[in-house]
Amino acid sequence: MALMMGGGSEALNESERADLDAIEALKVSGAHELKEQGNQYVKKGKKHYSDAIDCYTRAINQKALSESDTSVLFANRAHVNLLLGNSRRALTDAEEAIKLSPSNFKAHYRAAKAALSLDLLTEATSFCQAGIEQSLDNDELKKLLKQISLRQSQRENRDAQAAKALVASKDLASAIEDRGLKLGRAMYQELTGLKKPILDVNNILHWPVLLLYAEVMSSDIIEDFCETETFSFHLDMISFPMPFLLLFLLNSKF
């Protein structure tokens, strides 16, 4: 078999060209065979996913296939990486597949899935939309786009609620400070739970108030004690324990 000549050498003769063509054909055939082996490993299940990735990688490294066929290899490897939970690697492979063949809608789909797994919602949306442009009737891409839109709405709602809670917390802290009040360490949370003071829209504070009856080992809680109200306003709604009432009466002055 004729040897390949370095730069500046004479033009190849027909025999040398034939040898190179034969070598190239073997590389192409080998790459296709590796691709099919990879596909078979995927079908065999999770235990063989690493073998599938190895086959696709070796086929890519042959650098013998067209850009379109190589795009399929990257998209296939992205698919296996998704199955393994390797979202970042899957995204990298899918993006490479798209560069090689922008019409590869499966690559767009896998890029979108990987981006969604990484919570890259803007990128996921773009991949989905680009994929739908390549395959207008693709139901999987449309379904995925709806999932991404739902996730985006949920994120926006969470962000809005968090921002609202932050503003409310700052307003409450300012209201307490303006009144010259100082808060101590939380006590008796086993009785009060997570109840906290609230500042209403009229800038009025509402407090949870705990009543402890040490003599009878009992308690009551007023969940909403408005700062503009007096204690007597709530008396009719409190069920004092009988022993406490007797002690109260015995110690009261008539």
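General remarks:
- For region 14-157, radius of gyration divided by Kirkwood radius, i.e. Rg to Rh on alpha-carbons: 1.08
- Partners for Lys164 among lysines (Cα-Cα distance below 18 Å; same-chain residues under 8 apart left out): Lys196
- Highest-first arrangement of 76-85, 225-234, where packing means the average Cβ count within 10 Å: 76-85, 225-234
- Long pairs among Lys35/Lys113; Lys47/Lys146; Lys46/Lys113; Lys43/Lys142; Lys146/Lys195; Lys99/Lys142, criterion Cα-Cα beyond 28 Å: Lys47/Lys146; Lys146/Lys195
- Summing charges over all other residues whose Cβ lies under 15 Å from the Cβ of Arg89, with Lys and Arg as +1 and Asp and Glu as -1, gives 0.
- Most to least packed among 62-70, 125-133 [average Cβ atoms within 10 Å]: 125-133, 62-70
- Among 107-115, 141-149, 26-34, sorting by the average number of other beta carbon atoms lying within 10 angstrom of each residue, highest first, gives 107-115, 141-149, 26-34.
Readers should treat all values here as calculations from the given coordinates under stated rules, not as data from a laboratory. Here the structure is a predicted model, which means the values were calculated and not measured. Please note: Cβ atoms are built from the backbone with ideal geometry, for glycine as well, and neighbour counts cover all protein chains shown.
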